[in-house]
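Reading through the structure tokens given below for one structure.
The values are calculated or read from the model by the stated rules, or taken from the named source; none is laboratory data. This one's a predicted model, so the numbers in the text were calculated from it and none came from an experiment. We place every Cβ from the backbone using ideal geometry, glycine too, and count neighbours over all the protein chains shown. Quick note on the areas: whole protein, heavy atoms, side chains included, nothing else; ligands and nucleic acids left out. Shrake-Rupley method; radii C 1.70, N 1.55, O 1.52, S 1.80 Å.
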Amino acid sequence: MTYRSRKLLDAAKHSPRCFCCGMANDGTVVAAHANGSEYGKGMGQKAHDWAIAFVCFTCHTQIDQGMLPREQRKDMWLHAHIRTMAYLFDNGVLGVL
């Protein structure tokens, strides 16, 4: 079963910045899903909603379709994902019950 959470995805709107390049949120920051099958991505199916990174339009495009090597794009997403998770926990969007 794939994990879905509209609240988690919508939290990107309130992100203070892109967690990839660090640019202030200019209104284009979204929850970019991971591109690997290890995150639940499949044929015609996005990864789990917990496998997200809050990134701007430019970084999202670079990660998904950029000219950089695949490993470098995966690293960009992973670093942004870690910063996103820290932000979500620090701001009480995610927590431990």
Relative contact order of segment 1-94, defined on C-alpha pairs under 8 angstrom at six or more residues apart (%): 28 percent
Calculated FRET value between residue 14 and residue 57, using beta carbons and R₀ = 22 Å, to 0.05: 0.85
Relative compactness, segment 51-97, computed as alpha-carbon Rg over 2.2 N^0.38 Å: 1.30
Cα shape, the chain, gyration tensor, a/c 1.5 rule: oblate
With every protein chain in place, segment 11-70: carbon and sulfur % of accessible area (1.4 Å): 58 percent
Shape of segment 26-67, Cα gyration tensor, a/c cut at 1.5: oblate
Dipole-positive endmost among 58, 2, 21 within the chain (Cβ charges, Cα centre): 2
For segment 10-50, alpha-carbon Rg relative to the globular expectation (2.2 N^0.38 Å, N residues): 1.34
